[in-house]
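The values are calculated or read from the model by the stated rules, or taken from the named source; none is laboratory data. Quantities reported herein were computed from a predicted structural model and do not represent experimental measurements. For neighbour counting, all protein chains shown are included, and Cβ atoms are generated from backbone atoms with ideal geometry for every residue, glycine included. Heavy atoms of the whole protein, side chains included, go into the accessibility calculation; ligands, DNA and RNA do not. Shrake-Rupley method; radii C 1.70, N 1.55, O 1.52, S 1.80 Å.
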Amino acid sequence: MAFADKYKVQPLPKLTRGTMRAQLSPEERARAKLLTAIEIQHEVLAAELRGKTFMIKRNGKQMAPRAFWQKTPAGVAFTPRFGNQFLFDKGQGVLVDELGAVSQVLADFEEAVKAGEFDAQITEIAQSRGSRGGSSVPAPGKRGRGRPRRS
């Protein structure tokens, strides 16, 4: 075996779920999530400028991601989101003349996110979502999903 002669094969340390994940703070993890969404938005914009629809695969289904911009009579309104919530206040956004200008706005927004300018909004949204009020342990007398058992 040439491979075994070239490399030393040895037992690996046991890894737990926590050690396999990159050790990021919650703020860094949220920022990385937003940066991934911005990368998708760059591809959505490029496809729309070509007259196509950009599709991604989520949960085994093809879907078109929601764009961070909307065409309005006044121009194109850029309203970024984190998850399903807007980063700007309600009714606020960046207005540009044409769809091609959104590319520069996206690039500038990406730099601002990398610089941490939106960390406060991201953290607030992430904390408001929290654990969604659920717990992994069912309440006493509750068996979980389905109909209750007849006695």
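Report the far tail of the P(r) of the range 79-128, meaning the percent of Cα-Cα pairs longer than 16 Å.
45
Ignoring ligands, DNA and RNA, please state the percent of accessible area on the range 18-79 from carbon and sulfur, probe 1.4 Å.
Carbon and sulfur together cover 54 percent of it.
Can you list the trypsin sites (Lys or Arg not before Pro) in the range 29-123 that are in a DSSP coil and have 15 or fewer other beta carbons within 10 angstrom?
Here the sparse-neighbourhood loop sites are 50, 52, 66, 90.
May I ask you to give the solvent-accessible area per residue for the range 1-121, in square angstrom, as obtained with a 1.4 angstrom probe?
On a per-residue basis, 74 Å².
Restricted to Cα positions, what overall size does the range 3-130 have along the principal axes? Three whole-Å values, descending.
Taking the Cα atoms of the range 3-130, the three principal extents are 67, 35, 28 Å.
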